[in-house]
Amino acid sequence: MINNVRLKKMLKSLVFPIFTQINKIIPKDENLVLLYSANKGVVFCNLVLRDYLLRNRFDKKYRIICGIENMCYADDTENVTFVSGVKSVWTFLHAKHVFYTAGQLPIKPSKKQCVIHMQHGNEDFKSMGANTKINNGDEFFFTYMIISSDLNIKVNARAYKCKEENIVGLGDPMCDKLLTVPQNVYDFSKYKKVLLWVPTFRQSDYLNYNDSHLDTLIPLFADDDYENLNELLAKYNILLIVKLHPAQSAPNGCQRHFSHLRVYSHDEFIKTEYDMYTLMAHADGLIGDYSSASLQYLLLDRPEAYVVPDLEDYKNTRGFVYDDPEAYMGGHIVKTKKQFEQFIDDFANERDIYKDKRHWVCNQIFKYKDAKSCERIVKLSGMSL
């Protein structure tokens, strides 16, 4: 990913339109597939999609190429080729089938291609594209964008300045993984319950975003609050694992370990034994806010809390997909430490008071509640065995 925002916008407006014209005339290889991410390695939806293609032996017919930010993120997956930089652009220009997640190449697809854009979570509270106050210019570089239901077709069409027919509700590949991972990988038997907290990023040097004035890594809790938080958790014998967002700017060594509280930056987390979605499946409840994880977790039908002390601030900076985001928060809405303590008490004592609302939100957000999103997306792309 190009971190210099001014350079990135210049390339997008001056250089890549030339590639769009070139793309119109280059023949496409029917059996060439590009999975592209501008965010480090093969991540999020593309990782799940790649595993689906390999598991179902699409590699016997198709040449699968993963376009990544830097070759240091390549892995040893068999029957897959890794490329970066100029080679990613070359592959795009020749591939019939392209799948994006966490970034895209600003080249318009030709009529001979099927270019599918998947966000790292296909539903979100956060405004995207032209609906935000962040001017990234044209972002309509796909044939189809995948979302989880028909609920937000109109708002996404506005966000990416495309026709509604370019937005398709087929599901979320990350939910395929969430619904199928084993739930007996980690041993948490010494604790009564396990909570996972996945706050979204507010400040990101990596993405050059500043979406909120909240100045603590964990909403509501500064470093000197951690011991008191641990005491609260120990009272109920609850283990709380806090995993910061990959894009969140964080100081080196922000990892903290207490008897009932573990705090990890993203870089620290990936060095542990944990996998994010496997851990989500193990957790008895989830704490989130505006990110896709809070919505994906609805499919497991377990208690949630949304810690959003900066909701009004966030609304005025980044903005939300929904006019009333609280209406789509299927759990405790927490803005103070007292409300947080009440959630912990309800959670520990199994008072699931937002179950009905959780079910209603889940039905609005997810058109499908199976683990077949990848299957539907691949079929849309025109790939077949």
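Residues in segment 289-337 that are among the hydroxyl-bearing types (Ser, Thr, Tyr), surrounded by fewer than 19 Cβ atoms within 10 Å (Cβ to Cβ) and more than 14 Å from Ser127 (Cα to Cα): Thr336 alone. Report yes if Tyr226 is under 21 Å from Tyr274 (Cβ atoms) and either surrounded by fewer than 18 Cβ atoms within 10 Å (Cβ to Cβ) or among the hydroxyl-bearing types (Ser, Thr, Tyr) (or both), otherwise no. Yes, satisfied. The single condition among (1) more than 19 Å from Ala293 (Cβ to Cβ); (2) crowded, with 16+ Cβ neighbours inside 10 Å that Cys374 does not satisfy is (1).
For segment 108-119, the set of residues classified as surrounded by 22 or more Cβ atoms within 10 Å (Cβ to Cβ) and either charged (D, E, K, R) or in contact with a Pro (Cβ under 9 Å, 6 or more places away or on another chain) (or both) consists of Val115, Met118, listed by residue number. Note on segment 79-93: among residues that are hydrophobic (A, V, I, L, M, F, W, C) and not in a helix (DSSP H, G or I), the one that is farthest from Ile26 (Cα to Cα) is Val80.
Checked against the criterion of being closer than 15 Å to Val321 by Cα and buried (at least 21 other Cβ atoms within 10 Å of the Cβ), the candidates Phe99, Phe125 yield just one match: Phe125.
Collect the residues in segment 54-108 that are in contact with a His (Cβ under 7 Å, 6 or more places away or on another chain) and either assigned by TED's automatic domain parsing to the domain that holds Pro246 or under 23 Å from Leu385 (Cα atoms) (or both), keeping them in residue-number order. Please lay out each step first, then the result.
Pass one, segment 54-108, residues in contact with a His (Cβ under 7 Å, 6 or more places away or on another chain): 100-102, 104.
Answer for segment 54-108, where residues must be in contact with a His (Cβ under 7 Å, 6 or more places away or on another chain) and either assigned by TED's automatic domain parsing to the domain that holds Pro246 or under 23 Å from Leu385 (Cα atoms) (or both): just Tyr100.
Looking at segment 310-330, can you tell me whether even one residue there is outside the structural domain of Asn152 (by TED's automatic domain parsing) and closer than 27 Å to Asn184 by Cβ? Step through it out loud before you land on a result.
So in segment 310-330, the residues outside the structural domain of Asn152 (by TED's automatic domain parsing) come out as 310-330.
Filter again for closer than 27 Å to Asn184 by Cβ, leaving 330.
Checked against the condition, which is being outside the structural domain of Asn152 (by TED's automatic domain parsing) and closer than 27 Å to Asn184 by Cβ, segment 310-330 yields at least one hit.
Remark: Met383 matches the filter, which requires a residue to be surrounded by 15 or more Cβ atoms within 10 Å (Cβ to Cβ), more than 24 Å from Val242 (Cβ to Cβ) and at pLDDT 95 or above. Looking only at segment 242-278, residues that are in a loop (DSSP other than H, G, I, E, B), touching a helix residue (DSSP H, G or I) at 6+ places or on another chain (Cβ under 6 Å) and among the aromatic types (Phe, Trp, Tyr) come to 1 in all.
A quick yes/no check of all residues on (1) at pLDDT below 95; (2) within 12 Å of Gly67 (Cα to Cα); (3) outside the structural domain of Ser88 (by TED's automatic domain parsing):
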residue: Lys9; (1), (2), (3): yes, no, no
residue: Lys12; (1), (2), (3): yes, no, no
residue: Phe16; (1), (2), (3): yes, no, no
residue: Ile22; (1), (2), (3): no, no, no
residue: Asp29; (1), (2), (3): no, no, no
residue: Leu32; (1), (2), (3): no, no, no
residue: Ser37; (1), (2), (3): yes, yes, no
residue: Val42; (1), (2), (3): yes, yes, no
residue: Leu49; (1), (2), (3): no, no, no
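Every listed requirement among (1) aliphatic (A, V, I, L, M); (2) surrounded by 14 or more Cβ atoms within 10 Å (Cβ to Cβ); (3) not in a strand (DSSP E or B) is met by Ile353 save one, (2).
Right, Ala293: within 21 Å of Leu47 (Cα to Cα) and assigned by TED's automatic domain parsing to the domain that holds Val242 or not?
Taking the combined requirement at face value, the residue satisfies it.
Count of segment 279-301 residues, restricted to those that are more than 13 Å from the chain's Cα centre (by Cα) and part of a helix (DSSP H, G or I), is 7.
Cβ-Cβ contacts under 7 Å between residues 6 or more apart (or on different chains), taken from a first residue in segment 246-257 that is within 15 Å of Asp223 (Cα to Cα) to a second residue that is modelled with pLDDT of 75 or more and in a loop (DSSP other than H, G, I, E, B), are listed as Ala250/Leu217; Ala250/Leu244; Ala250/Ser265; Cys254/Leu217; Cys254/Ser265; Gln255/Ser265.
The values are calculated or read from the model by the stated rules, or taken from the named source; none is laboratory data. The structure displayed is predicted, hence computed values, not measured ones. FYI the Cβ positions are ideal-geometry reconstructions off the backbone, even for glycines, and counts take in every protein chain you see.
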